[in-house]
Amino acid sequence: MNDSIENLKKTLKLAEPALSAVVPVMNEEENIPLVFKELTSAIEGEGLSYEIIFVDDGSTDDSFKEMMKLKEVSPAVKIVRFRSNKGKTAALSAGFRAARGELVVTIDADLQESPQEIGKMIKEMEKGFDLVSAWRYNRQDSPTKNLVSKVFNRFVRMITGDTIHDINCGFKLYKKEVVKNLNLYGELHRVIPTLASASGFRVGEVQVEHQPRKFGHTKFSGFLRGFHGIFDLFSVLFLSRFGNRPLHFFGMAGFIVFAFGFAIALFLALRYFLGFGFIGERMPLFLLGILSMVLGFQSLSIGLVGEMLVKKILTPSNKYDEEFYS
Ligand code: UDP
Ligand code: MG
């Protein structure tokens, strides 16, 4: 009897859940039981099988203990634990690796967004999206944070042509293939929708309510955050457009700058040989010409080195260059 129950438990455990919830956690001890309760009731309300993956991002409070308590009572709870704080991007990435569901939802542990809105996100996804991002239209954070976020989002829309209003909201619903394809590093969690649409996935959004934090405090504050985000965005744009062909970027820029410098040098040389004056009389122009040629050449070389890296010919096997006697 007991044996068969054990077997049943095993099969249940092995069966893949329909939905994986990934919750990044850094010092959220009071929030963990609450987010667990709300998540389970919301997902069960949708009638889906599920797993809840807590990623403990090096918490120094009792977050891990709280997770373990939940794991005792629910087989749906999984835990990934980092020994030290690696950041939200790394936490999400680890959660994505562990996730087995066809759908994956990420949500912050602080319950600023309510899991009850998962149903709305699933409905939106059914319209044909691969990723649905929540939009905190009545955002309840500090005025500085709201401002930085507004400016950042406007900027993103401007340079990417995306239509998402709240790119960096932690509450998102993904199809499995999106999370398995995302290559997250650095602080790229802030620009996931841009990354996903650059890979060809369809990205939608739904408005959700937003609450102030009840317990704990924010881990992201300060004005400089916005600048970090802008650099992340540049790297995404660069990698998605030119990551496979760096020469097209550096080479083109380098060629134009070099040609400009060359034209100046040619002009000065002709001017001298035709007897219109010495090169030294046009010192600033001469310097500009030389500088442009050097810079242009440098940029071209960077492009070529980039191509080598992309094609990995820096470590050639040189198969046809060697003779082998045995
Ligand atoms: N978080 C994390 N690692 C970090 C910083 C934050 O896992 O280095 C988690 C945090 O515990 C929370 C979520 O990421 O669940 C969002 O953090 P927070 O609420 O501080 O961000 P905010 O809502 O203030 O932007
Ligand atoms: Mg928060």
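The values are calculated or read from the model by the stated rules, or taken from the named source; none is laboratory data. As the structure is a computational prediction, the values presented were derived from the model and not from experiment. Glycine also receives a Cβ, built like all others from the backbone with ideal geometry; neighbour counts cover every protein chain displayed. Heavy atoms of the whole protein, side chains included, go into the accessibility calculation; ligands, DNA and RNA do not. Shrake-Rupley method; radii C 1.70, N 1.55, O 1.52, S 1.80 Å.
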Set G161, G128, G186: member being of a type in the set (G, A, S), in contact with a helix residue (DSSP H, G or I) (Cβ under 7 Å, 6 or more places away or on another chain) and surrounded by fewer than 19 Cβ atoms within 10 Å (Cβ to Cβ): G186
Within the range 217-274, the residues that are basic (K, R) and either part of a helix (DSSP H, G or I) or within 16 Å of ligand 1 (Cβ to nearest atom) (or both) are K219, R225, R241, R271
Would you tally the residues in the range 188-213 being farther than 18 Å from H165 by Cβ and of a type in the set (D, E)? 0
Within the range 141-162, of all residues that are touching a residue at least 12 places away in the same chain (Cβ under 8 Å), more than 16 Å from ligand 2 (Cβ to nearest atom) and not aromatic (F, W, Y), the one nearest to V25 (Cα to Cα) is N153
Which condition does I313 not pass, out of (1) over 37 Å from the mean Cα position of the chain (by Cα); (2) modelled with pLDDT under 85; (3) part of a loop (DSSP other than H, G, I, E, B), if it passes all the others? (1)
Given (1) closer than 28 Å to V310 by Cβ; (2) at pLDDT 80 or above; (3) open to solvent by 60 Å² or more (accessible area, probe 1.4 Å); (4) not polar (S, T, N, Q), where does L239 come up short, assuming only one miss? (2)
Look at K214 and say whether it is basic (K, R) and either in a loop (DSSP other than H, G, I, E, B) or surrounded by 18 or more Cβ atoms within 10 Å (Cβ to Cβ) (or both). yes
Considering only the range 1-33, state which residues are open to solvent by 70 Å² or more (accessible area, probe 1.4 Å), modelled with pLDDT of 95 or more and either more than 16 Å from ligand 2 (Cβ to nearest atom) or of a type in the set (A, V, I, L, M, F, W, C) (or both). none
Scan the range 139-152 and give yes if some residue there is over 21 Å from the mean Cα position of the chain (by Cα), within 30 Å of I53 (Cα to Cα) and not polar (S, T, N, Q), otherwise no. yes
Does K172 satisfy being within 16 Å of ligand 2 (Cβ to nearest atom) and surrounded by fewer than 17 Cβ atoms within 10 Å (Cβ to Cβ)? no
Only one of H248, H189, H217, H210 is in contact with a Gly (Cβ under 9 Å, 6 or more places away or on another chain), within 16 Å of ligand 2 (Cβ to nearest atom) and not β-branched (V, I, T); which? H189
Does any residue in the range 190-219 that is farther than 17 Å from K88 by Cα come within less than 7 Å, Cβ to Cβ, of a residue that is open to solvent by 60 Å² or more (accessible area, probe 1.4 Å) and of a type in the set (F, W, Y) six or more places away or on a different chain, and which pairs are these? E205/W135; V206/W135; Q207/W135; Q207/Y137; V208/W135
For residues in the range 80-95 being closer than 25 Å to V191 by Cα and over 20 Å from the mean Cα position of the chain (by Cα), which is surrounded by the most Cβ atoms within 10 Å (Cβ to Cβ)? R81
Residue check for S74: farther than 24 Å from A90 by Cβ and open to solvent by 40 Å² or more (accessible area, probe 1.4 Å): no
Just give me the residues in the range 225-234 being surrounded by 15 or more Cβ atoms within 10 Å (Cβ to Cβ) and within 17 Å of N183 (Cβ to Cβ), in sequence order. D232, L233
Is it the case, given these coordinates, that F54 is away from ligand 2 (no atom under 15 Å from the Cβ) and under 25 Å from the mean Cα position of the chain (by Cα)? yes
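Listed here are the residues, each with its yes/no results for (1) charged (D, E, K, R); (2) under 26 Å from H248 (Cβ atoms); (3) surrounded by 15 or more Cβ atoms within 10 Å (Cβ to Cβ); (4) touching a residue at least 40 places away in the same chain (Cβ under 8 Å).
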position: I264; (1), (2), (3), (4): no, yes, yes, no
position: L268; (1), (2), (3), (4): no, no, yes, no
position: F273; (1), (2), (3), (4): no, no, no, no
position: G280; (1), (2), (3), (4): no, no, no, no
position: P284; (1), (2), (3), (4): no, no, no, no
position: L287; (1), (2), (3), (4): no, no, no, no
position: M293; (1), (2), (3), (4): no, yes, yes, no
position: E307; (1), (2), (3), (4): yes, yes, yes, yes
position: V310; (1), (2), (3), (4): no, yes, no, yes
